[in-house]
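Trainee: Here it is, the structure in full.
Nothing in this text is a laboratory measurement; each read-out follows from the coordinates by a stated rule. Predicted model only: the values in this text are computed from it and were never measured. Neighbour counts run over all protein chains shown; Cβ positions are idealised from the backbone, glycine included.
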Amino acid sequence: MPDMSRRTFVTTGASLFATSASLAILRGADAATHEAATMEGHHMSEDMRHCLQLCQDCHALCIQMIGHCLQLGGRHATPDHIRLLMDCAQMCTTTADYMARESSLHDRMCSLCSEMCRLCAESCEQTAGNDQMVKQCAELCRRCLGSCERMASKRGGVAS
């Protein structure tokens, strides 16, 4: 492998620095363009951002609950309960995706998500016993349910 001369090293370093600076300038221009477009167009309401976050949190907890319930065994690991956790997790992540891209159909997804969260919360409440994690899942599903119901009833949530 040939030795790199000091001149080549300095030239290469300067080129990398210039390229990096150019990319930073371009990123700044892209950010300004995006900010201007957001200010002129639609932006997500605070209620929608909150609902999206609850859906993401509910998804993550339901996924964690699958492994937890399987470890607990017994009534916690019944196929129906595990299936509800899986369904709720999938519905929450899909609904969050619809809200994130401000789909015109997100209110319908929120309606379905609220129903799925209700079913999952009921199942967790029935199987919880003394397990605090299962109780937390039921509570988070209820919070997500309420937020999704509000989004579904607003027919939107995107402010102009």
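Trainee: In sequence order, what are the phi-derived ³J(HN,Hα) couplings for the range 117-130 according to the Karplus relation 6.51 cos²θ - 1.76 cosθ + 1.60 with θ = phi - 60°, rounded to whole Hz, with x for glycine and proline?
Mentor: The phi angles translate into 5, 4, 4, 5, 4, 4, 5, 5, 4, 6, 9, 4, x, 9 Hz.
Trainee: Just to be sure I understand the model, the point goes 7 Å from the Cα along the line to the Cβ. What's the resulting S111 to D57 distance in nm?
Mentor: Spacing of the two 7 Å Cα→Cβ label points: 2.6 nm.
Trainee: A further question on this structure: Of T127, T78, how do they rank once you tally other Cβ atoms within 10 Å and put the fewest first? List each step's numbers first, then the result.
Mentor: Details: T127 21, T78 14.
Taking fewest neighbouring Cβ atoms as first place, the list is T78, T127.
Trainee: Using the 10 angstrom Cβ neighbour count as an exposure proxy, how do E125, E46 rank, fewest first? Before the final figure, lay out the partial values.
Mentor: Working: E125 15, E46 9.
Lowest to highest Cβ neighbour count: E46, E125.
Trainee: Starting with the highest mean, order 98-111, 55-68 by the number of other Cβ atoms within 10 Å, averaged over the residues of each peptide. Could you put the intermediate results ahead of the total?
Mentor: Values: 98-111: 17.2, 55-68: 20.0.
My ranking of the peptides, most packed first, is 55-68, 98-111.
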